[in-house]
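First the structure, in the form of structure tokens, and then the observations on it.
The values are calculated or read from the model by the stated rules, or taken from the named source; none is laboratory data. A quick note: this is a predicted structure, and the numbers were derived from the prediction, not measured. Every residue, glycine as well, gets a Cβ built from its backbone with ideal geometry; the counts of neighbours run over all protein chains shown. To get the accessible areas, we keep the full protein, side chains included, count just its heavy atoms, and leave off ligands, DNA and RNA. Shrake-Rupley method; radii C 1.70, N 1.55, O 1.52, S 1.80 Å.
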Amino acid sequence: MDLTLEKLLEVVTALPDPVFLLTEDGHYAAVFGGGDVNYYHDGSGLVGMSLYDVLPRKKAEAFMLQVKKALYENRTFTVEYGLAGEEVEGLDAEKGPRGEIWFEGRIQPLPFSIDGKRAVVWTARNITERFGLESQLRRMSETDELTGAYNRRKMLEELEVKFREFRRYGDATALLMLDIDHFKRVNDRHGHIAGDAVLRSTVQLCMEQLRDVDVFARFGGEEFVVLLPHTERKEAAETAERLRQRVADHTIEQEDKRINITISIGVSVLEQSDQGFESIIKRADDALYEAKHRGRNCIVVA
């Protein structure tokens, strides 16, 4: 079958996913396909412009890195990235999907030059729906269903990562292990629905006192663990006391019940002699046991 150049152009223009020809200096040499406004914005106006002209600088640099990598290694790469129409200068954000779109990009070197410059063909496929489902499944696998805190498995994964970083960079890292005092009495006296409310309230009260970088997890039953990156022993003790005081000062209202609880906390930090992250868990657990032995509603620093 003999296809004319005009027919070939019609074919690539009809491609369901957008295809960008990008030169080695980051300029859009051509844009084809991606005409469905339910999934894509019209990128035809980008031709002749640079990545740095149309994208936020950090994203332009990330895109350029992929272009250079494909050209340098002379092979195809696949990347996933998020990009909203509002972030791209030269697009009509009203004609296309709203909010951040997630893409799978395939970057392949071209066997010929464009205006004397090496170039790649970058095909972008909208994977927002798949990405959202994967994110939801990931959150479900990492989260305690009752309280919304991370679960034990997620905490152990985070601890392993932070321990490797500590061994490499020596960055201070602390761990709090806390337990709701006399939680069995709450269940026996007020019922398990009230007990669930106490667990959820404890998580919420503690999370309000923590930073975005801190990791809070339900470790089991009424026991919780808080991972504090970039935190020395003294700072960890201050954080623990702030959590203890916040919980002690709060009254939980469940139907016609008013419930007051306290928590005990053990504090530990990673040490150079640690052979694994299990050591900091044991020290924090031992300190928590000591806090209970001292009468509860207190903190003990290992």
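This model, with +1 at the C-beta of Lys and Arg and -1 at the C-beta of Asp and Glu, gives the stretch 94-204 a dipole about its Cα centre of some 320 debye.
For TYR52 and LYS68 in the same chain, what is the full-extension length gain: residue separation times 0.36 nm, less their Cα-Cα distance, in nm?
On the way: separation 16, 0.36 × 16 = 5.76 nm, distance 1.48 nm.
The span from TYR52 to LYS68 would gain 4.3 nm if fully extended.
With respect to the chain, whose longest principal axis is taken over its alpha-carbon atoms, helix 57-73 is tilted by about 60°. Kindly identify the stretch 1-94 as rounded, prolate or oblate by the Cα gyration tensor criterion: order the square roots of the eigenvalues as a ≥ b ≥ c, call it rounded if a/c is under 1.5, otherwise compare a/b with b/c, prolate if a/b is larger, else oblate. It comes out oblate by the Cα gyration axes.
Given a 1.4 Å probe, how much area per residue of the chain is accessible, in Å²? Working shown, then result.
Values: 17000 Å² over 302 residues.
Accessible surface, normalised per residue, equals 56 Å².
Please say if the stretch 177-226 is rounded, prolate or oblate, where rounded means a/c under 1.5 for a ≥ b ≥ c the square roots of the C-alpha gyration tensor eigenvalues, and otherwise the choice is prolate for a/b larger than b/c and oblate otherwise? Verdict is prolate for the stretch 177-226. Placing +1 on the Cβ of every Lys and Arg and -1 on the Cβ of every Asp and Glu, with nothing else charged, gives the chain a dipole about its Cα centre of roughly 960 debye. Across every direction, the projection of the convex hull enclosing the Cα atoms of the stretch 149-265 has a mean area of 7.0 nm².
For the pairs LYS58/LYS117; LYS7/LYS69; LYS234/LYS292; LYS59/LYS95; LYS154/LYS282; LYS58/LYS95, flag any whose C-alpha to C-alpha distance is greater than 29 Å. Pairs exceeding the cut-off: LYS7/LYS69. Angle, helix 233-249 long axis vs. longest principal axis of the chain, Cα atoms, 0 to 90°, nearest 10? So the helix axis and the longest Cα principal axis differ by about 70 degrees.
When ranked by the protection proxy of mean other Cβ atoms within 10 Å per residue, highest first, what sequence do the peptides 152-164, 264-276 form? If you can, show how the numbers build up before the last one.
Details: 152-164: 16.6, 264-276: 18.4.
Averaged packing, sorted descending, gives the order 264-276, 152-164.
Partner aspartates and glutamates whose Cα lies under 19 Å from the Cα of LYS257, excluding those fewer than 8 positions away in the same chain, are identified as ASP181, ASP188, ASP196, ASP249.
Residues with beta-carbon under 9 Å from that of SER141, excluding SER141: net charge, scoring Lys, Arg +1 and Asp, Glu -1?
On the way: positive: ARG138, ARG139, ARG153, LYS154; negative: GLU142.
Neighbourhood net charge equals +3.
Ordered by solvent-accessible area of protein heavy atoms (1.4 Å probe), largest first, the residues ASP36, ASP181, ASP188 come out as ASP188, ASP36, ASP181.
The candidate values were (1) 87, 50, 33; (2) 66, 42, 37; (3) 50, 43, 39; the one computed from these coordinates for Cα extents along the principal axes in Å carries the label (1).
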